[in-house]
Amino acid sequence: MIIQRVVLNSRPGKNGVPVAENFRIEAVPLPEKITDGQVQTRTLYLSVDPYMRCRMNEDTGSDYLLPWQLSEVADGGGIGVVEESKHTNFAKGDIVTSFNWPWQTKVILDGRLLQKLDPQLVDGHLSYFLGAAGITGLTSFLGIKEKGHVSLGANQTMVVSGAAGACGSLAGQIGRLEGCSRVVGICGTDEKCSILVSEMGFDAAINYKKGNVAEQLHELCPAGVDVYFDNVGGDISDAVINQMNQNSHIILCGQISQYNKDVPYPPPLPPAVEEIQKARNITRERFLVLNYMDKQEASILQLCQWIKEGKLKVKETVVKGLENIGGAFQSMMTGGNTGKQIVLISE
């Protein structure tokens with residue numbers, strides 16, 4: 001059987017911006033038989049995420065991320081349906097997922113790497129398991145629970161950068177659900193600002209490409225900032241930290257503005273900003289969701305409940321076709337989409 005796969009065609013360089021041409025699609029044969037413990041699946045959805053930018057480098061800068069190899073198949077979060085199984089835990093027709101799903105139309109996987117999914121948890125919206133009801137939702141939820149120190153009735157103000165992205169759009173809503181009295185988002189277009197306020201329940205949103213971010217923050221957060229969900233780093237984060245209160249908290253989720261630069265992670269703050277952080281006792285600790293997987297099951301159930309109740313709105317940008325995954329990656333890294341970036345491979 002001939003299938004399609006996507007491999008890393010070239011590296012953008014540590015300081016380069018990824019483009020679709022960094023990937024290429026190939027036709028390759030799939031082995032005809034599976035062995036004991038293996039499962040053959042048809043890929044339904046693949047996830048495209050900012051952290052993958054690090055995997056395009058020879059050195060990811062991380063001890064938990066392996067680099068993609070040139071001319072080898074790329075991988076990431078994926079969902080598929082079982083077509084044939086020689087593993088006792090899986091049967092034909094089961095919906096399964098893995099963090100390391102090869103970018104292929106069909107895949108033979110070790111059953112030990114798979115997790116069975118219950119479509120009823122998301123009312124059949126399977127792609128949600130890669131986003132709001134998956135690792136993206138877990139990152140937002142557990143980041144706020146473990147590092148945000150949000151307390152109901154404490155009248156806290158939360159600011160979210162990269163607020164129209166996969167994590168950010170969820171984080172603002174979860175911050176509200178957990179008890180924040182005011183939530184302000186920062187993103188890159190007026191359209192995204194409008195979506196955050198009209199659809200996602202943010203109190204206000206700032207287009208960082210228009211006007212002075214620091215002045216707008218001062219106006220929109222008159223009581224200062226108590227919790228900052230940081231998806232971007234760089235100048236935007238410097239402006240937010242300047243407005244943060246004593247004993248406030250930074251949830252260090254990602255630093256997308258720094259992903260195309262050869263700097264350590266998390267990137268050091270400028271001296272003047274670091275001085276503010278220390279003087280005001282602002283916590284800024286690296287958050288890695290994989291360290292909290294003992295809380296995965298209960299957290300996913302909470303996220304699914306909020307989604308079903310309509311309390312957690314889900315935004316997705318869905319691109320069809322494995323051949324378009326490189327373009328989807330480029331669009332995500334340049335801020336061209338809203339919410340979670342999903343690639344539909346088959347239905």
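Worth a mention:
- Set of lysines with alpha-carbon distance to LYS33 below 28 Å, sequence-local pairs under 8 removed: LYS86, LYS92, LYS106, LYS116
- Long-range tail of P(r) for the chain (Cα pairs > 35 Å, %): 23 percent
- Estimated from the Cβ-Cβ distance and a Förster radius of 56 angstrom, the FRET efficiency linking VAL19 and GLU83 is about 0.95.
- Between THR189 and VAL28, the FRET efficiency estimated from the beta carbon spacing at R0 = 56 angstrom works out to 0.90.
- Residue list for the stretch 107-149, given a label point 7 angstrom along the Cα-to-Cβ vector of ASN100 and an amide N cut-off under 15 Å: 108-115
- Förster radius 51 Å - calculated FRET efficiency between LYS92 and SER151, Cβ distance, rounded to 0.05: 0.60
- Within the stretch 325-347, backbone nitrogen closer than 19 Å to the virtual label 7 Å beyond the Cα of ASP123 toward Cβ: 340
- Highest-fluctuation residue, THR41, THR157, THR334 considered, GNM on the chain with Cα pairs under 10 Å: THR334
- Cα long-axis angle, helix 296-309 against the chain (0 to 90 degrees, to the nearest 10): 80 degrees
- Protein-only accessible surface order, largest first, of HIS218, HIS87, HIS125 at 1.4 Å: HIS218, HIS125, HIS87
- Global form of the stretch 120-266, assessed from the alpha-carbon gyration tensor, a/c cut-off 1.5: rounded
- Cα-based Kirkwood hydrodynamic radius, the stretch 1-95, one decimal, Å: 15.2 Å
- Placing unit charges on the Cβ atoms only, positive for Lys and Arg and negative for Asp and Glu, gives the chain a dipole magnitude near 160 debye about its Cα centre.
- Of all accessible heavy-atom area on the chain, the percent that carbon and sulfur account for (1.4 Å): 48 percent
- Shape category assigned to the stretch 279-347 from the gyration tensor of Cα positions, a/c cut at 1.5: oblate
- LEU290-THR334 pseudo-label distance in nm [points 7 Å out on the Cα-to-Cβ vector]: 3.0 nm
- Residue-normalised accessible area of the stretch 1-134, expressed per residue, 1.4 Å probe, Å²: 48 Å²
- Within the shell of other residues whose beta carbon sits under 10 angstrom from the beta carbon of LYS145, the net charge comes to 0, with Lys and Arg scored +1 and Asp and Glu -1.
- Cβ-placed point charges (K, R +1; D, E -1), dipole of the stretch 69-216 about Cα centre in debye, nearest 20: 200 debye
- Here the stretch 124-283 is assigned +1 on the Cβ of each Lys and Arg and -1 on the Cβ of each Asp and Glu. Its dipole about the Cα centre then comes out at about 220 debye.
- For the stretch 78-159, a Kirkwood hydrodynamic radius built from all Cα pairs, placed in the Stokes-Einstein relation at 10 °C and 1.306 mPa s, yields a translational diffusion coefficient of 106 µm²/s.
- Modelled spin-label separation between HIS218 and ASN9, with each label point placed 7 Å from Cα along the Cα-to-Cβ direction: 4.8 nm.
- In this view, the solvent-accessible surface of LYS210, computed with a 1.4 Å probe and all protein chains in place, comes to about 110 Å².
- Choice from PRO271, PRO67, PRO119 with maximal GNM fluctuation in the chain (Cα, 10 Å cutoff): PRO271
The values are calculated or read from the model by the stated rules, or taken from the named source; none is laboratory data. Because the structure is predicted, anything quoted here is derived from the model rather than measured. Note that each Cβ is placed from the backbone with ideal geometry, even for glycine, and that neighbours are counted across all protein chains shown. For accessibility, only protein heavy atoms count, side chains too; no ligands or nucleic acids. Shrake-Rupley method; radii C 1.70, N 1.55, O 1.52, S 1.80 Å.
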